[in-house]
Amino acid sequence: MTGVGSAIERARRGRRALDEEHLAALAALADRVRELTEAVVLTDVEIDELAAVGEQVEALTGRLAAVRRDAPPVARYGGHGPLRHVTNPVTGLGNPLAPPLTIEFTETGARAGFTLNHVYEGPPTFVHGGITAMILDQVLGMAAASKAVPGVTASLELRYRRPTPIGVPLTVEAEVTGSSGRRSHAAGRILDPEGLVTVEAKALFIAPQR
Ligand SMILES: CCCCCCCC(=O)SCCNC(=O)CCNC(=O)[C@H](O)C(C)(C)COP(=O)(O)OP(=O)(O)OC[C@H]1O[C@@H](n2cnc3c(N)ncnc32)[C@H](O)[C@@H]1OP(=O)(O)O
């Protein structure tokens, strides 16, 4: 077994699965860290206070790092269903970087509602283009995996039609547009609260060879 597919499969099999109670505790911690990250981005406290809080955060990091895994865990959401990558940077309840998005599957693909705060700001008051790309990659990939062939992103084409605002409810939707052999094609978009498209995407996903 030498291919990319085998490497991914081996890595997933080696991950420890969390039970529901453990996942809930990790998700609650990740929520607190999201709040901390937003507070860092927006804080206006004095320099001495920044340094003092930095020392406390360093101590907290030391407590968490005291017992460390080699790699992030997996879990079954709600205690059932497939093993999920709970630290995925878009959907992972256990990853403070993830907004996190809760994606629901539709007849033709996938969809999610979400709001991004100043942590994800690129141009002032708008979302960073790399963040919207990451979200579209994930949602198109999940649409492809649910309706066609699960794969890794081989190409992702984006068209930024208008700035994506921060602090307001956004929608991302995706649908599978075709599949053949190891390849799945998907298209999708991010919509602002008025239903206007801010970013459009097309992607090709290829199931890695064993
Ligand atoms: C539920 C999960 C949701 C996940 C969403 C998030 C997904 C991700 O972020 S994945 C991470 C980012 N992507 C990657 O790291 C992928 C890195 N690339 C790779 O691993 C490989 O290039 C991979 C697997 C895509 C293709 O490799 P390999 O299987 O060797 O492909 P190869 O045999 O050369 O090509 C297969 C076919 O696809 C075609 N193809 C390959 N790449 C492309 C491309 N970029 N554009 C168009 N066609 C392509 C080839 O021409 C070939 O066509 P044909 O069968 O007609 O000859």
The chain: most fluctuating residue of 28, 174, 65 per GNM, C-alpha cutoff 10 Å: 65
Amide H of residue 198: which non-local residues (sequence gap of 5 or more, or other chain) have their own amide H closer than 5 Å, using H built in the peptide plane? 190, 191, 192
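Compute the FRET efficiency between residue 44 and residue 66 as 1/(1 + (r/R0)^6), taking r as their Cβ-Cβ distance and R0 = 41 Å, and round to the nearest 0.05.
Values: r = 33 Å, r/R0 = 0.79.
According to the calculation, E is roughly 0.80.
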Residue order, fewest to most surrounding Cβ atoms within 10 angstrom, among 147, 202: 202, 147
Once you put a point 7 Å from the Cα of residue 128 and another 7 Å from the Cα of residue 56, both along the Cβ direction, what distance in nm separates them? 2.6 nm
Taking only DSSP H segments of four or more residues, each worth -39500 (n - 2.57), what value at 222 nm results for the chain once the sum is divided by all its residues, to the nearest 500 deg cm²/dmol? -11500 deg cm²/dmol
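With contacts defined as alpha carbon pairs under 8 Å and 6 or more residues apart, what's the relative contact order of the chain in percent? Mind showing how you got there, number by number?
On the way: 386 pairs, mean separation 39.6, N = 210.
This gives 19 percent for the chain.
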Mean-square fluctuation maximum in Gaussian network of the chain, Cα pairs under 10 Å, restricted to 137, 19, 31, hits 19
State, to one decimal in nm, how far the label point of residue 183 lies from the label point of residue 12, with both points 7 Å from Cα in the Cβ direction. 2.3 nm
What is the distance in Å between the Cα centres of the stretch 16-38 and the stretch 165-196? 27 Å
Interatomic Cα distance distribution for the chain, bins of 10 angstrom, percent: 8, 28, 33, 23, 7, 1
Find which of 27, 40, 149 sits farthest along the positive direction of the dipole of the chain, computed with +1 on the beta-carbon of Lys and Arg, -1 on that of Asp and Glu, about the Cα centre. 149
Burial ordering of 142, 134, fewest other beta-carbon atoms within 10 Å first: 134, 142
Size of electric dipole in the stretch 1-104: Cβ of Lys, Arg +1 and of Asp, Glu -1, about Cα centre, debye, nearest 20: 1000 debye
Inter-label distance for residue 153 and residue 32, nm, one decimal - labels placed 7 Å from Cα along Cα-to-Cβ: 3.2 nm
Ranked list, fewest to most other Cβ atoms within 10 Å of each Cβ, for 41, 86, 67, 119: 67, 41, 119, 86
Just to be sure I understand: with springs between alpha-carbon atoms less than 10 Å apart, which residue in 57, 172, 40 has the highest mean-square fluctuation in the Gaussian network model of the chain? 57
How high is the FRET efficiency from residue 194 to residue 117, r the C-beta distance, R0 25 Å, rounded to 0.05? 0.80
About the Cα centre, charge dipole magnitude for the chain (Lys/Arg +1, Asp/Glu -1 at Cβ), debye: 1440 debye
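FYI, it's all coordinate maths here, none of it is from the lab. Everything numeric here is computed off the predicted structure, so don't read it as measured data. Every residue, glycine as well, gets a Cβ built from its backbone with ideal geometry; the counts of neighbours run over all protein chains shown.
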